[in-house]
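The values are calculated or read from the model by the stated rules, or taken from the named source; none is laboratory data. Source: prediction; values computed, not measured. Cβ sites come from the backbone with ideal geometry, for glycine too, and all protein chains shown count toward neighbours. To get the accessible areas, we keep the full protein, side chains included, count just its heavy atoms, and leave off ligands, DNA and RNA. Shrake-Rupley method; radii C 1.70, N 1.55, O 1.52, S 1.80 Å.
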Amino acid sequence: MADQGLVKETACAVVDKLKAGDVTPLDLLDVLEKRVAEVDGKVNALPTLCFDRARSHAKALMQKPVSERGLLAGLPVPIKDLTAVSGVLTTLGSPIFKDNVPAKSDILVERIEQNGGVIYAKSNTPEFGAGANTFNEVFGPTRNPWDTSRSAAGSSGGAAAALASGTAWLAHGSDMGGSLRNPASFCGVVGLRPSIGRVAQTPKFGVDRTLGQQGPMARNVEDLALLLDAMSGEHAADPLSLPTLPTSFLSAARSNRKPKRIAYSPDFGITPVDPEVKAVTRKAAERFTDAGVIVEEASPDFSEAHECFHVLRAFDFAISKAELLRTKRDQLKPEVIWNIEEGLKLTVEKLERAEAQRVAITTRALEFFDKYDLLLAPATIVAPFPVEHRYVAECDGKKFDNYVEWLGIVYAITLACCPALSLPCGFTASGLPVGLQMVAKPRAEAQLLAGAKVLEDILGVRGTTPIDPRPPR
């Protein structure tokens, strides 16, 4: 019988055990199946399981010598329910696709499997990934393991809740307006939005859609880097994809390379932030001084971010979902309908202005990184909110105009084309996790991971997950 204590091990430690022959991929699937049965009913992180498919993949992998089983060596990985896995229910969180079983996997999934990942589940997501609270009419809400009355955020909420509750060692997610960073922050794990093209994906609805990126989520920085290594690399089917770097991201995370000068901003000058979240993130950022790093308060000019993101996101919704609005309107949630209609109303002049704003935001960010190695800020502007709230309607006295405006602190970084992660950095007085957003210049994931690991070591928060799901306080 496989040891349930493996649930608490790091992904890197489990991969070492796989490579040493101490455990098999089948042992790990047994561990996960038992853990899912024990705890997932309380959080609803992994609504679709495919253990039969996983075991046949694991057996095929075990026919190869250990040295040929890839970076992950048979480690199980769940895939977000927006991404196709061959032969597995893939609903996109929508009643329209509640019976959708793709014949072919996304190239991202193929890459993970080629690198020794074993797919055993689909993680829950809001409908089409829209909104930073994971609920949908197919599977219902995902709850936060730290307090099951609270949201796990989104749209990779199922992935984050699985990691935090011990039903995954690593998890795949995606991020347009913080969808890897928000749930990582709410659930006390690490989530990385990589640079454009770092992780190849099958193009859908357009070859040059760059707002959304695929990325890794894990319980600590080293595990995160391991999955990024297994996900990254160029692919002919994705014309934006980048080649694999000569040095692994895991070795970069372990390099102990410190930044010289970092900037912290509580709000980028564009958003309210809950005072407690601001205090926790500022205190964490200032701990960099323990390593001799210069910490200053500064930020690029993100003043155009709200207008720019609103337009570009709406345009993306229009090109990807206008057909669904025409044919399946009655099955779409109100927020998705609003987003598509906003996109269909756009003029070329508005798009011209938004694209120019994005270029300007990116240019200013690049200039900023001439002076600073990293930019730090809150990853979310609030602590985990009640799960029945569809989104954050107001913060620190400011009411928001729509359901995405509260995400400005993360989508500003999306617009600047920078890699960014959320690192667990502390807790509120009521014991809820707070994430620190860490940002580097475009394509500088190695530098970002190195700095994040240095701060993770200083803060001493590694190992706070997994936990058994906790009832409301």
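Around PHE317, what is the net charge, scoring Lys/Arg as +1 and Asp/Glu as -1 over all other residues with Cβ under 15 Å from its Cβ? Let's see the in-between values first.
Working: positive: LYS204, ARG209, ARG313, LYS321, ARG326, LYS328, ARG329, LYS333, LYS345, LYS350; negative: GLU127, ASP316, GLU323, GLU335, GLU341, GLU342.
So the surrounding residues net to +4.
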**Total formal charge among the other residues, if their Cβ is under 14 angstrom from that of ASN100, Lys/Arg +1 and Asp/Glu -1** = +1
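Could you state the orientation-averaged shadow area of the convex hull built on the Cα atoms of the stretch 120-276, in nm² to one decimal? Numbers along the way, then the final one.
Numbers: hull surface 46.0 nm².
Taking the Cα atoms of the stretch 120-276, their convex hull projects to 11.5 nm² on average.
Across the stretch 343-473, how large is the tail of the calculated P(r) beyond 24 Å, expressed as a percent of all Cα pairs? Walk me through the numbers on the way to the answer.
Values: 3862 of 8515 pairs.
Across the stretch 343-473, Cα pairs with separations above 24 Å total 45 percent.
What does the extension gain come out to for GLU296 and ARG473, with contour length at 0.36 nm per residue minus their alpha carbon separation? Please report the intermediate quantities before stating the final value.
On the way: separation 177, 0.36 × 177 = 63.72 nm, distance 3.67 nm.
Roughly 60.0 nm would be gained on extension.
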**Asked** Straight-line reach from LYS260: which lysines have a Cα under 20 Å away, not including same-chain ones fewer than 8 places off?
**Response** LYS283, LYS371, LYS441, LYS453
**Prompt:** Regarding the stretch 402-470, what are the three Cα extents along the principal axes, ordered largest first, in Å?
**Reply:** 36, 36, 19
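With contacts defined as alpha carbon pairs under 8 Å and 6 or more residues apart, what's the relative contact order of the chain in percent? Could you put the intermediate results ahead of the total?
Values: 1154 pairs, mean separation 84.8, N = 473.
For the chain, the relative contact order is 18 percent.
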**Request:** With the Cα gyration tensor of the stretch 140-183 in hand, convert its eigenvalues to equivalent ellipsoid semi-axes via √(5λ) and list them largest first in whole Å.
**Result:** 16, 13, 7
**Bins of 5 Å from zero: percent of alpha-carbon pairs in the stretch 172-264** = 3, 13, 21, 21, 20, 14, 5, 2, 0
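Given the DSSP H assignment, sum -39500 (n - 2.57) over each helix run of at least 4 residues in the chain and divide by its residue total; what's the result at 222 nm in deg cm²/dmol, nearest 500? Could you put the intermediate results ahead of the total?
Values: 14 runs with 171 residues, N = 473.
Here the helix-only value at 222 nm equals -11500 deg cm²/dmol.
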**Message:** Spelling out what I want: for every residue of the stretch 72-79, take phi, set θ = phi - 60°, compute 6.51 cos²θ - 1.76 cosθ + 1.60 (Karplus), and round to whole Hz; glycine and proline get x.
**Reply:** 8, 6, x, 6, x, 9, x, 10
**Histogram of C-alpha separations across the chain, 20 Å bin width, %** = 27, 61, 12, 0
**Complete:** Answer in debye to the nearest 20: the dipole magnitude of the chain about its Cα centre, from +1 Lys/Arg and -1 Asp/Glu charges placed on Cβ, is 420 debye
**Asked** Between the stretch 1-47 and the stretch 100-173, how many Å separate their Cα centres?
**Response** 17 Å
**Asked** Where a Cα-Cα gap under 14 Å defines reach, which aspartates and glutamates qualify for LYS278, not counting those fewer than 8 residues away within the same chain?
**Response** ASP267, GLU286, GLU297, ASP396
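Considering only Cα-Cα distances, which of the following residue pairs are longer than 19 Å: LYS59/LYS80; LYS34/LYS122; LYS350/LYS399; LYS19/LYS122? Intermediate results must be reported in sequence, preceding the final value.
On the way: LYS59/LYS80 23 Å; LYS34/LYS122 17 Å; LYS350/LYS399 25 Å; LYS19/LYS122 26 Å.
Result: LYS59/LYS80; LYS350/LYS399; LYS19/LYS122 exceed 19 Å.
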**Apportionment of accessible area to carbon and sulfur, the chain, percent (1.4 Å)** = 51 percent
**Prompt:** Taking H as built 1.01 Å from N, whose amide H comes closer than 5 Å to the amide H of ALA420, not counting residues under 5 places away?
**Reply:** ARG193
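Ignoring ligands, DNA and RNA, what accessible area per residue does the chain give at 1.4 Å, in Å²? It would help to have the intermediate numbers written out before the result.
Working: 17100 Å² over 473 residues.
Heavy-atom accessible area per residue stands at 36 Å².
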